[in-house]
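K.L.:
Before I ask anything, let me first share the structure, which is written out below as structure tokens.
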């Protein structure tokens with residue numbers, strides 16, 4: 001019964017013919033009305049653009065040509081306006097006909113035919129497998145030589161594979177047929193309206209395109225980790241009320257997560273540029289500690305009780321705004337300087353990123369710990385947080401700093417030559433060098449951008465925490481930043497990644513850490529959890545890379 005529903009190519013063409021004939025007839029009338037109007041306007045506009053860009057002509061000749069074209073265009077616009085209502089009626093007629101006849105008389109029968117073809121293809125595939133299996137058993141039963149039996153098993157597997165490939169090709173052919181039938185309506189509308197679609201029509205085409213190109217394995221490779229993390233987060237939301245007697249998913253908790261994530265966003269955006277070039281940075285946490293110390297010393301509430309290299313600094317005489325700006329400048333300078341050092345050794349001597357940034361990490365921690373004797377410098381001026389990151393009706397404006405950073409870094413990555421060169425160097429540094437890109441400058445530039453972002457993020461973290469400057473602060477933050485980038489799709493293979501992915505990665509990690517803390521999960525177990533996520537994320541990234549290869 002299923003085979004009787006299958007349409008031949010001739011039968012499908014016959015179903016489409018009356019629809020095609022009716023709409024094509026209307027299209028011819030529309031084209032005739034547009035010939036001296038809209039069509040001519042488009043042609044004249046192209047001529048005007050060409051004349052303006054023609055450097056062979058003198059300025060007077062260009063102006064003369066453009067004036068002539070514009071005079072013709074004025075006439076064409078009058079024709080277009082005169083025919084506008086008639087064309088609109090014709091388009092409405094054609095669209096009404098399509099709405100009444102296309103699905104019922106063409107698309108639905110084709111879909112039913114494709115469904116029947118899939119069933120028939122499956123039956124044929126199973127039948128072919130049964131035939132192959134029967135032939136194999138018959139041949140093996142007559143063989144005694146082990147080598148011949150081994151060869152027959154190899155041939156048998158090849159036949160099974162060939163049958164599977166043929167089945168998959170048939171399914172793809174059926175899928176193509178159904179897709180082409182669906183899109184033909186929009187091809188006709190495209191001609192009628194000159195590529196102007198309604199919002200609903202655009203969404204319908206996007207959904208069909210997604211459905212047509214959807215591949216379960218690719219989907220799981222790209223989104224499997226996100227799905228798993230969302231399930232874990234959903235479980236935490238369900239468990240928290242029972243364990244702690246409080247709701248996890250509240251507006252206040254969401255704002256707390258966003259507030260906590262804001263300084264970390266700067267760090268992740270910085271290291272993302274390095275990972276984009278197959279690198280990393282192990283010194284982020286120590287740069288945070290160094291900047292926290294520097295910021296707290298400068299913005300300290302009153303004279304400093306602790307010393308730095310034996311010197312007790314006192315910036316209390318400097319106006320508050322001046323201390324805020326000075327702290328930011330010092331943080332950015334220190335982080336950029338150390339990042340530049342690591343970038344120079346990495347780019348100039350081809351030193352591995354792991355080595356150069358690990359050396360940075362050790363140097364920074366050693367200097368700051370020795371200089372401060374491991375002492376915390378206490379709190380900053382209490383008025384500073386309200387000046388830099390005030391709460392407006394309960395909304396923490398520190399989030400706006402993170403949004404600004406996201407927008408600026410997105411612009412650098414996507415709209416500047418430097419950003420495009422970063423992708424090129426990350427994808428293939430040798431090819432980038434041959435094409436004229438200064439690989440050394442791009443590599444060092446990525447480190448400098450990272451240093452600036454580290455400085456800003458650390459300064460904001462100091463203000464968020466109201467000081468507490470200590471060399472030990474920020475320990476393990478490099479892992480959080482790197483993990484957020486990897487979870488967000490920044491590939492260690494280089495040249496692959498988006499700012500949106502980094503943003504999502506930071507929010508995911510911060511939300512999970514916050515949730516686990518509310519549940520009272522030990523910090524050490526949270527490290528285990530982070531490590532597992534990193535391992536899974538990098539594994540999925542490697543699988544995608546291997547598949548491309």
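K.L.:
If you take the residues in the range 505-530 that are assigned to a helix (DSSP H, G or I), more than 13 Å from residue 233 (Cα to Cα) and touching a residue at least 24 places away in the same chain (Cβ under 8 Å), which one is nearest to the chain's Cα centre (by Cα)?
P.N.:
Restricting to residues being assigned to a helix (DSSP H, G or I), more than 13 Å from residue 233 (Cα to Cα) and touching a residue at least 24 places away in the same chain (Cβ under 8 Å), the top hit is 505.
K.L.:
Here is a further query. Every residue in the range 52-66 that is surrounded by 12 or more Cβ atoms within 10 Å (Cβ to Cβ) and out of contact with any helix residue (DSSP H, G or I) (no Cβ under 8 Å at 6 or more places or on another chain), please.
P.N.:
Of everything in the range 52-66, those that are surrounded by 12 or more Cβ atoms within 10 Å (Cβ to Cβ) and out of contact with any helix residue (DSSP H, G or I) (no Cβ under 8 Å at 6 or more places or on another chain) turn out to be 61, 63, 64.
K.L.:
Criterion first (out of contact with any helix residue (DSSP H, G or I) (no Cβ under 8 Å at 6 or more places or on another chain), loosely packed, with under 15 Cβ neighbours inside 10 Å and in the same structural domain as residue 189 (by TED's automatic domain parsing)) does residue 81 satisfy it?
P.N.:
yes
K.L.:
Given the conditions (1) buried (at least 24 other Cβ atoms within 10 Å of the Cβ); (2) over 30 Å from residue 322 (Cα atoms); (3) at pLDDT below 95, which single one is not true for residue 280?
P.N.:
(1)
K.L.:
Write out, first by first residue and then by second, each pair whose Cβ atoms fall under 7 Å of each other, whose residues are 6+ apart or on separate chains, and whose first residue, in the range 244-256, is in contact (Cβ under 8 Å) with a residue 60 or more places away in the chain while the second is surrounded by 15 or more Cβ atoms within 10 Å (Cβ to Cβ).
P.N.:
What qualifies is 244/518; 246/240; 248/236; 248/240; 248/515; 248/518; 255/396; 256/514.
K.L.:
Another question about this same structure. Suppose the filter is out of contact with any strand residue (DSSP E or B) (no Cβ under 6 Å at 6 or more places or on another chain), in contact (Cβ under 8 Å) with a residue 60 or more places away in the chain and exposed (fewer than 13 other Cβ atoms within 10 Å of the Cβ); does residue 394 pass it?
P.N.:
yes
K.L.:
Got at least one residue in the range 353-376 being in a loop (DSSP other than H, G, I, E, B), over 17 Å from residue 281 (Cβ atoms) and under 33 Å from the mean Cα position of the chain (by Cα)?
P.N.:
no
K.L.:
I would also like to ask the following. Counting just the residues of the range 451-504 that are in contact with a strand residue (DSSP E or B) (Cβ under 8 Å, 6 or more places away or on another chain) and in a helix (DSSP H, G or I), which one comes out nearest to residue 267 (Cα to Cα)?
P.N.:
Of everything passing the filter in the range 451-504, 462 is nearest to residue 267 (Cα to Cα).
K.L.:
If you don't mind, there's one more thing I want to ask. Condition (residue is assigned to a loop (DSSP other than H, G, I, E, B), crowded, with 19+ Cβ neighbours inside 10 Å and in the same structural domain as residue 334 (by TED's automatic domain parsing)) applied to the range 268-276: is it met by at least one residue?
P.N.:
Yes: the range 268-276 contains one or more residues that are assigned to a loop (DSSP other than H, G, I, E, B), crowded, with 19+ Cβ neighbours inside 10 Å and in the same structural domain as residue 334 (by TED's automatic domain parsing).
Yes/no matrix, rows are residues, columns are (1) in contact with a helix residue (DSSP H, G or I) (Cβ under 7 Å, 6 or more places away or on another chain); (2) surrounded by 11 or more Cβ atoms within 10 Å (Cβ to Cβ); (3) closer than 19 Å to residue 534 by Cβ:
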site: 191; (1), (2), (3): yes, yes, no
site: 215; (1), (2), (3): no, no, no
site: 225; (1), (2), (3): yes, yes, yes
site: 229; (1), (2), (3): yes, yes, yes
site: 234; (1), (2), (3): no, yes, no
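K.L.:
Return the residues of the range 345-384 that are in contact with a helix residue (DSSP H, G or I) (Cβ under 6 Å, 6 or more places away or on another chain) and at pLDDT below 90; say none if nothing qualifies.
P.N.:
Once the filter is applied, which keeps residues that are in contact with a helix residue (DSSP H, G or I) (Cβ under 6 Å, 6 or more places away or on another chain) and at pLDDT below 90, the range 345-384 yields only 377.
K.L.:
With the structure loaded, tell me whether residue 70 is over 25 Å from residue 105 (Cα atoms), more than 41 Å from the chain's Cα centre (by Cα) and assigned to a helix (DSSP H, G or I) or whether it fails that test.
P.N.:
The answer is yes for residue 70.
K.L.:
Which residues, counting only those in the range 385-404, are touching a helix residue (DSSP H, G or I) at 6+ places or on another chain (Cβ under 8 Å) and assigned to a helix (DSSP H, G or I)?
P.N.:
Of everything in the range 385-404, those that are touching a helix residue (DSSP H, G or I) at 6+ places or on another chain (Cβ under 8 Å) and assigned to a helix (DSSP H, G or I) turn out to be 385, 387, 388, 398, 399, 401, 402.
K.L.:
How many residues are within 17 Å of residue 188 (Cα to Cα) and surrounded by 15 or more Cβ atoms within 10 Å (Cβ to Cβ) if we restrict to the range 30-51?
P.N.:
The total comes to 2.
K.L.:
From the list 471, 446, which one is within 18 Å of residue 502 (Cβ to Cβ), in the same structural domain as residue 299 (by TED's automatic domain parsing) and buried (at least 21 other Cβ atoms within 10 Å of the Cβ)?
P.N.:
After ruling out the rest, the residue left standing is 446.
K.L.:
Do we find that residue 209 is surrounded by 11 or more Cβ atoms within 10 Å (Cβ to Cβ), in the same structural domain as residue 187 (by TED's automatic domain parsing) and part of a helix (DSSP H, G or I) in this structure?
P.N.:
Yes; evaluated as a whole, the condition is true for this residue.
K.L.:
Turning to a different aspect of this structure: Given the condition in a helix (DSSP H, G or I) and loosely packed, with under 12 Cβ neighbours inside 10 Å, answer yes or no: does some residue in the range 304-325 qualify?
P.N.:
yes
K.L.:
Which condition does residue 198 not pass, out of (1) in contact (Cβ under 8 Å) with a residue 40 or more places away in the chain; (2) loosely packed, with under 15 Cβ neighbours inside 10 Å; (3) closer than 30 Å to residue 38 by Cβ, if it passes all the others?
P.N.:
Here residue 198 clears every test but (1).
K.L.:
While we're here: Which of the residues spanning the range 139-148 are exposed (fewer than 13 other Cβ atoms within 10 Å of the Cβ) and either in contact (Cβ under 8 Å) with a residue 40 or more places away in the chain or in a helix (DSSP H, G or I) (or both)?
P.N.:
141, 146, 147
The values are calculated or read from the model by the stated rules, or taken from the named source; none is laboratory data. Since the model is a prediction, treat every value here as computed from it, not as a measurement. Glycine also receives a Cβ, built like all others from the backbone with ideal geometry; neighbour counts cover every protein chain displayed.
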